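Report on the structure given below.
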Amino acid sequence: MRLGALEAGGTKMVCAIGDETGKIFEQISFPTKTPEDTVPAMIEYFQKADVEALGIGCFGPIDPDKKSKTYGYITSTPKLAWADYDMAGAFERALGIPVGFDTDVNGSVLGEVTFGQAKGKSCVIYITIGTGVGAGIYIEGRLLHGMLHPEAGHVMVNRREDDKYEGKCPYHKACLEGMAAGPALEARWGEKAVNLKDRKEVWDLEAYYIAQALTGYILTLSPEMIILGGGVMHQEQLFPLIRNYVKEMLNGYIKTEELKDMEHYIVPASLNDDQGIMGALELGRRALVG
């Protein structure tokens with residue numbers, strides 16, 4: 001199969017050509033401007049590539065419900081130029097091929113369970129922590145949607161007593177994104193995360209908030225693996241801190257083989273930051289085979 005893949009992000013749109021094995025033949029990116037500026041260039045790219053199907057993993061919120069009148073739309077995004085935009089439909093009409101469509105983080109978890117370290121597992125959570133926080137959930141062989149799709153980056157967390165920061169999220173203030181995403185780190189500490197690498201107190205507090213959310217996900221969804229990606233998680237010193245806090249917060253309540261081996265349970269992404277684009281290839285394959 002010759003498949004197109006689009007990882008649609010808030011700052012750039014990554015387009016690729018690949019196949020059903022996850023192999024990427026070529027890749028290019030376009031800056032995310034307005035639909036009128038950005039979409040025609042991507043359509044032209046895929047037209048020239050002669051792909052059989054296209055998979056799109058998209059920033060949201062989106063409508064992934066195939067029974068809905070607005071299926072394939074970007075809906076209530078704060079990126080106002082893209083609000084209520086028929087993303088999947090624009091490509092389907094222009095290319096005349098099947099188009100698979102889901103959230104960018106559902107695309108990432110699909111990439112990991114199809115081609116990466118989570119292959120063979122039935123319940124996996126992928127969380128990206130960067131400019132925002134999002135979560136993709138694969139459960140019992142399917143991507144989780146429900147009434148919309150997971151927005152698990154906005155679960156509420158309890159503010160630690162020594163933290164006076166009110167939270168960055170314009171909707172919830174002290175949710176996980178509001179307390180732990182990149183903009184929250186910069187607002188709390190006065191510098192970008194990359195410049196805070198050697199400040200232990202920064203990452204201890206960050207791990208505390210991430211671990212709170214993971215503990216809730218573990219108790220609610222019982223995942224077999226939790227994968228953490230995104231720019232903030234390039235700070236690898238976070239992983240042992242998060243694992244220790246999760247163990248402390250669970251307090252021995254759950255006893256499983258996975259939790260005995262935290263280093264292989266709460267893990268970094270495994271596909272060299274291509275999990276999203278590889279998941280989009282799989283979305284395209286699924287759209288093609290039905």
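The values are calculated or read from the model by the stated rules, or taken from the named source; none is laboratory data. Computed from a predicted model, the values in this text were never measured in an experiment. Positions of Cβ are backbone-derived with ideal geometry, glycine not excepted, and every protein chain shown enters the neighbour counts. Quick note on the areas: whole protein, heavy atoms, side chains included, nothing else; ligands and nucleic acids left out. Shrake-Rupley method; radii C 1.70, N 1.55, O 1.52, S 1.80 Å.
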Quick one: in the stretch 183-216, of everything that is among the small types (Gly, Ala, Ser) and modelled with pLDDT of 95 or more, which residue is surrounded by the fewest Cβ atoms within 10 Å (Cβ to Cβ)?
-> GLY190
Looking across the stretch 103-123 at residues that are in contact with a helix residue (DSSP H, G or I) (Cβ under 7 Å, 6 or more places away or on another chain), assigned to a loop (DSSP other than H, G, I, E, B) and open to solvent by 20 Å² or more (accessible area, probe 1.4 Å), the single one that is nearest to CYS175 (Cα to Cα) is LYS121
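Residue-wise test of (1) touching a residue at least 60 places away in the same chain (Cβ under 8 Å); (2) touching a Gly at 6+ places or on another chain (Cβ under 8 Å); (3) hydroxyl-bearing (Ser, Thr, Tyr); (4) not in a helix (DSSP H, G or I).
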position	(1), (2), (3), (4)
GLY178	no, yes, no, no
VAL202	no, no, no, no
PRO223	yes, no, no, yes
ARG243	no, no, no, no
Go through the residues of the stretch 193-212 one by one and say whether even a single one is under 29 Å from GLY9 (Cα atoms) and in contact with a strand residue (DSSP E or B) (Cβ under 8 Å, 6 or more places away or on another chain).
-> yes
Selection count where residues are in a strand (DSSP E or B), out of contact with any Ser or Thr (no Cβ under 6 Å at 6 or more places or on another chain) and either free of Cβ contacts under 8 Å to residues at least 60 places away in the same chain or more than 15 Å from PHE91 (Cα to Cα) (or both), scope the stretch 1-59 | 11
Test each condition in (1) in contact with a Lys or Arg (Cβ under 8 Å, 6 or more places away or on another chain); (2) surrounded by fewer than 21 Cβ atoms within 10 Å (Cβ to Cβ); (3) on the phi < 0 side of the Ramachandran plot for VAL51 and report the one that comes out false.
-> (2)
Here the residues within the stretch 61-74 that are assigned to a loop (DSSP other than H, G, I, E, B) and either touching a Lys or Arg at 6+ places or on another chain (Cβ under 7 Å) or open to solvent by 30 Å² or more (accessible area, probe 1.4 Å) (or both) are ASP65, LYS66, LYS67, SER68, LYS69, THR70, TYR71
Pick from the stretch 124-175 the residues that are part of a strand (DSSP E or B) and without any contact (Cβ under 8 Å) to a residue 12 or more places away in the chain: which of them is nearest to the chain's Cα centre (by Cα)?
-> ARG142
